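The values are calculated or read from the model by the stated rules, or taken from the named source; none is laboratory data. Note that the structure is predicted; figures quoted are calculated from it, not measured. Here the Cβ positions follow ideal geometry from the backbone for every residue, glycine too, while neighbour counts run over all protein chains shown.
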Amino acid sequence: MNDGSDAQAAIAALRRISRNEVYKARVLETPLLRQVLLRAVSRFIGGEELSQCLGVARGLHERGIATAIDYMGESTRDRERATHVTREFLRVIEALADRRSMASISPDLSHLGMAIDPQLACENAQVLAGAAQAASTEVILNMEGSDRTETILAIHQRLCERYDNVGVTLQAYLYRTENDLADAIERPGRIRLVKGAYAEPAEVARPLGPPTDVAFRALMETLLASGHPCSIATHDPALLEHAHRFIESRRLPRGPIEFELNHGIAQDRLQNMQALGYAARVYLPYGEEWYLYLCHRLAEYPPNIYRALADALSALPDMWKL
Ligand SMILES: Cc1cc2nc3c(=O)[nH]c(=O)nc-3n(C[C@H](O)[C@H](O)[C@H](O)COP(=O)(O)OP(=O)(O)OC[C@H]3O[C@@H](n4cnc5c(N)ncnc54)[C@H](O)[C@@H]3O)c2cc1C
């Protein structure tokens, strides 16, 4: 009987592969592999093109589910590309201007140029914050690896000096998050709480599982009780249930609270929260940089590997007809 060590080894390998630029390039340059993996990721994303993503977003909005749209990618290495990414996010804001709070944007600062120069990412994020404010919507910054946390929070702080529509994501697995949450609550902008998706050294992060779940629960209670605009971003049914019971027992106003899940994952749980009267949002990424996103989604829930395999294999007969 396997004690789960095979699954752990697979997860560790996926996390390593996801960061390897050589593997990534090989995979994406091989047409068959690319097409097979694209089929596997398609249930989690809004497509490779903005037009496809807008169609998916429209369907969700019609069901009363808001979206946080991300033109996927991170670690942009040249300025031109960072400008292109910023322009693409502006296209998203423009395309969704009539839907206001139904659609926010959710970029990675490293996609906007932070790995080249934090000042460049800050300037690009300012452009997006201004456009989003004019369109009455929000920008929620994604949180990246722990080597970037400090820079992302510093940029968030600067953005908050000029805009009140810029939120940030905090990761419960990081030991530092208790302090970061206290600081973020003092600023405007929605705070999105997640468990954390990166392979982090033991000195900075708790292991996923019970230690992170306990921390998430405590941070979530602090955040909910603060009355600050927040997004509780977890698929974990025990934490969703705990959030609901906490809100009820404290009779907290629901206006500032939102529950947010990834597109294509546990949507029945989001519908349950909607049925309980809460605002619901889906993180909806699109674009060609889906490789890392697929690796993350497979690593965080190993049964997805079987689903991905089934999706990928179902793509083969179509391809072989060509
Ligand atoms: C809206 C949103 C934004 C996020 N932004 C960030 C970010 O900026 N930075 C960051 O580090 N992380 C981010 N994450 C990812 C997050 O850190 C976790 O890795 C991810 O949400 C899985 O953790 P969980 O809370 O759902 O709990 P888990 O304990 O991982 O999962 C609980 C249960 O949810 C279901 N589930 C979870 N994941 C999957 C999946 N992939 N497929 C199918 N079922 C699944 C399963 O039933 C599982 O048992 C974000 C997540 C969400 C929902």
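How many of the residues making up the range 279-300 are over 16 Å from Pro107 (Cα atoms) and away from the ligand (no atom under 14 Å from the Cβ)? Even if it seems obvious, please write down each step before you answer.
Let us first name the residues in the range 279-300 that are over 16 Å from Pro107 (Cα atoms), namely 279-280, 291, 294-300.
So of that shortlist, the ones also away from the ligand (no atom under 14 Å from the Cβ) come out as 291.
Counting residues in the range 279-300 that are over 16 Å from Pro107 (Cα atoms) and away from the ligand (no atom under 14 Å from the Cβ) gives 1.
Within the range 238-268, how many residues turn out to be within 22 Å of Pro188 (Cβ to Cβ), touching a Leu at 6+ places or on another chain (Cβ under 9 Å) and within 15 Å of the ligand (Cβ to nearest atom)?
Residues meeting the conditions: 3.
Modelled with pLDDT under 95 and hydrophobic (A, V, I, L, M, F, W, C): which single residue out of Ala68, Ala82, Ala95 fits that description? Working first, answer last.
Details: Ala68 fails: modelled with pLDDT under 95; Ala82 fails: modelled with pLDDT under 95.
Unique residue meeting the criteria: Ala95.
Take the residues in the range 98-114 that are modelled with pLDDT of 95 or more and among the aliphatic types (A, V, I, L, M); name whichever of them is nearest to the chain's Cα centre (by Cα). Write out each step before concluding.
Taking the range 98-114 first, the residues modelled with pLDDT of 95 or more are 104-114.
If we keep only those that are among the aliphatic types (A, V, I, L, M) as well, we get 105, 109, 112, 114.
On the way: Ile105: 10, Leu109: 12, Leu112: 15, Met114: 17 Å.
Ranking the qualifying residues of the range 98-114, first place goes to Ile105.
Report yes if Val85 is without any contact (Cβ under 8 Å) to a residue 60 or more places away in the chain, in contact with a Phe, Trp or Tyr (Cβ under 9 Å, 6 or more places away or on another chain) and of a type in the set (A, V, I, L, M), otherwise no.
So Val85 fits the description; yes.
I need every pair where a residue in the range 1-16 that is at negative phi and of a type outside the set (S, T, N, Q) has its Cβ under 7 Å from the Cβ of a residue that is at pLDDT 75 or above and in a helix (DSSP H, G or I), sequence separation at least 6 or different chains.
Ala10/Ile305; Ile11/Ala299; Leu14/Cys295; Leu14/Leu298; Leu14/Ala299; Arg15/Ala299
Filter the range 211-237 down to the residues that are of a type in the set (D, E, K, R) and out of contact with any Asp or Glu (no Cβ under 8 Å at 6 or more places or on another chain), then identify the one that is farthest from the ligand (Cβ to nearest atom). Break it down into steps so the answer makes sense when it comes.
Within the range 211-237, the subset of a type in the set (D, E, K, R) is 213, 217, 221, 236.
When the remaining residues are screened for being out of contact with any Asp or Glu (no Cβ under 8 Å at 6 or more places or on another chain), the result is 217, 221.
Working: Arg217: 11, Glu221: 16 Å.
Checked the range 211-237; the qualifying residue farthest from the ligand (Cβ to nearest atom) is Glu221.
What are the residues in the range 177-194 that are not β-branched (Val, Ile, Thr) and not in a helix (DSSP H, G or I), if any?
Initially, the range 177-194 is screened for residues not β-branched (Val, Ile, Thr), giving 178-184, 186-190, 192-193.
Across the range 177-194, the qualifying residues are Glu186, Arg187, Pro188, Gly189, Arg190, Arg192, Leu193.
Do we have any residue at all in the range 195-203 that's of a type in the set (Lys, Arg) and more than 9 Å from the ligand (Cβ to nearest atom)?
Of all residues in the range 195-203, those of a type in the set (Lys, Arg) come to 195.
Applying the additional criterion that residues be more than 9 Å from the ligand (Cβ to nearest atom) yields none.
No, the conditions are met nowhere in the range 195-203.
If you check Glu200, Glu221, which single one turns out to be of a type outside the set (Lys, Arg) and touching a Leu at 6+ places or on another chain (Cβ under 8 Å)?
Glu200
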